[in-house]
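Down below is the structure, laid out as structure tokens.
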Amino acid sequence: MTDLRIEDYALISDCHSAALVGRDGSVDWLCLPRYDSSAVFSALLGTHEHGRWLVRPVDDGATAQRRYVGDTFVLETTWTTSTGVVTVTDFMPMNDLRADVVRRVEGVSGTVAMRQELVVRPDYAKVEPWVRRVTDPDGLDGLLAVAGPDAFLLRGGPMPGPVDHRHAGQWEHAEGDRHDISLTWYRSYRDMPSRLDVDHRLETTLAWWQEWADRAEAGERHEEAVKRSLLVLRALTHADTGGIVAAATTSLPEDFGGGRNWDYRFVWLRDAALTLEALLTHGYRDEAERWREWLLRAVAGSPADVQIMYGISGERELPEREQPQLPGYEGSLPVRTGNGAVDQYQADVLGEVLVALDRARREGVAEDQFSWPLQRALLGYVEEHWERKDHGIWEMRGDLHHFTHSRAMVWAALDRGARAVREGGMEGPAERWEELRERVRAEIEEHGWDAGRGTYTQVYGKPHVDASLLMLPQVGYLAADDPRMVGTVRAIEEDLLRGGLVLRYDTGPGLDGLEGDEHPFLACSFWLVEQYARMGRVEDAEALMETCLACSNDLGLLSEEYDTDVRRQAGNTPQALSHLALVRAADALGDVHHQDPR
């Protein structure tokens, strides 16, 4: 099993796919050519034999310091040994219509014995490929691994040799030496790609990321964390389709050693809708419009066919499968690819989509002959199905319920529809939507409110609370300082705080239909920061914000959850929803500071 914690991994991306590079110099997760392609390196979910690419000093006592170069996803690791210093620069070139990972090794001082190990295992380590030495079109020696339709070509630097079903080698790297080692994926039935001009591709990649980051309107508070979070969202957004995956990984556990392991390499409508709002807030109008185009394409057709998630290009079929050949991260089984939640009914999703499209309209993103009729169709579906029970925002795999958060999002869908007519000049039955909106509100207040305890509840008829209730003020259902919200916050503090962070819900009652427990959910913790700020508990907001930010790794990356007992990240990484919630929390603190700069 890997000895690395989740926070020990760095992300590199070309906005088509991503790789995780460990602090030990090993690429332990890589899917090419897309985020959701089968992994060629799966050591993250198993052992070195399940695929990895290691480049590091031979000396196991070497120390590493790493950083991103500026506001980019070019990773620079400086290795120091007793005999010298080397720097390894890892990146995935941008905008070249290729799929490459480049590892540049440069001697800084002295001489360092370096080692390389390449274990190519396509299709989540189901396949051991045919590997042979080749000469590429430029006359450069290479190592070619072929498995069915996939080919992986290693070039540059001293070529590793075969050693017990892997390829390994060592060399002496002196001050001033430079080796540019690259791994290129291509279709095995096509011609071998030409070699990269690494100097040029590195320069253009650095420039691309920095130019994108420089456009950010990062706000007044926690500027660096906000900028890195926006960069993470961009790194998880496919350059061609505009779809944003929820995370770069699958099956990193919410419960170490347990079965709460899911594939997050797909596009959730909820996450994507929240991303649109974040992009608009921080100056990325073009990206927001591009995402809206993805959304409209994905949900086109009958509203009855709308799913909670899609593939990167809008694919609908995402069958969930287990990968028994992989032993799992720290033995957490099963390893899953695909996601069975795709077939769930979650009543909140259309609300989140309509809230986001309302925000885009208010920001001047014009409706066209297709976009508003589609929204009207979605509202028609809400009208027909508003009373249905659902699986809830957390994709419960137990019985269906009326989740209070879902009901509030039905309210929000109808509210935004009516506002589009009243304030935006759209055509539609505003009066009918307003009437139904008030019926939904009356139902929530009757069945989703616990008058004895003074709190909204997770589901109708049960006493438990849920962190998703923190979203009610975010969509305008009630004010953040409303006495009912104050009481709900008090109940969440009493029931869901663990180690100073917020759980999604109490797993004890078994509503989710799963065994085991989970750790505090970072997005929910940032939601509480936002709630504190907007209800006037600014000192509590600032303190919790610092606690949440301390859960980032040294590069500013956040996973899904955080184990407060042993102080380590848990769940898939980097998690878009965690970074989205960070941005919202920082914005809320900035708003409060702007109102009262003391």
Exercise. When the distances between all Cα atoms of the chain are binned every 10 Å from zero, what whole-number percent does each bin get?
Worked result: 3, 17, 27, 26, 16, 8, 3, 0
Exercise. So what does Thr83 come to for accessible area, using a 1.4 Å probe and Å² rounded to 10?
Worked result: 80 Å²
Problem set entry | Degrees between helix 538-549 axis and first principal axis of the chain (Cα, 0 to 90, nearest 10) | 30 degrees
For this session: Give me the angle, in degrees from 0 to 90, between the Cα long axis of helix 404-422 and the longest principal axis of the Cα atoms of the chain, rounded to the nearest 10.
Result: 80 degrees
Exercise. About its Cα centre, how strong a charge dipole does segment 358-509 have in debye, to the nearest 20, once Lys and Arg get +1 and Asp and Glu get -1 at the Cβ?
Worked result: 220 debye
Problem set entry | Cα gyration tensor of segment 328-435 - equivalent ellipsoid semi-axes, whole Å, descending | 32, 17, 11
Problem set entry | Dimensionless Rg over Rh [segment 457-592; C-alpha; Kirkwood] | 0.95
Seminar exercise, completed: Measuring from the longest principal axis of the C-alpha atoms of the chain, the long axis of helix 483-496 (C-alpha) lies at a number of degrees, nearest 10, equal to 40 degrees
Exercise. Taking the Cα centre of each part, how many Å lie between segment 470-540 and segment 422-439?
Worked result: 31 Å
Problem set entry | Cα gyration tensor, segment 64-127 - rounded (a/c under 1.5), prolate or oblate | oblate
Exercise. What ranking do 441-448, 461-468 get when scored by the average of other Cβ atoms within 10 Å per residue, highest first?
Worked result: 461-468, 441-448
For this session: Would you give the gap between the C-alpha center of segment 264-315 and the C-alpha center of segment 50-89, rounded to a whole Å?
Result: 36 Å
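The values are calculated or read from the model by the stated rules, or taken from the named source; none is laboratory data. Only a predicted model underlies this, so the values are computations on that prediction, with no experimental measurement involved. Positions of Cβ are generated from backbone atoms using ideal geometry, with glycine treated the same way; all protein chains shown enter the neighbour counts. Protein only, heavy atoms only, side chains kept; ligands, DNA and RNA dropped before computing areas. Shrake-Rupley method; radii C 1.70, N 1.55, O 1.52, S 1.80 Å.
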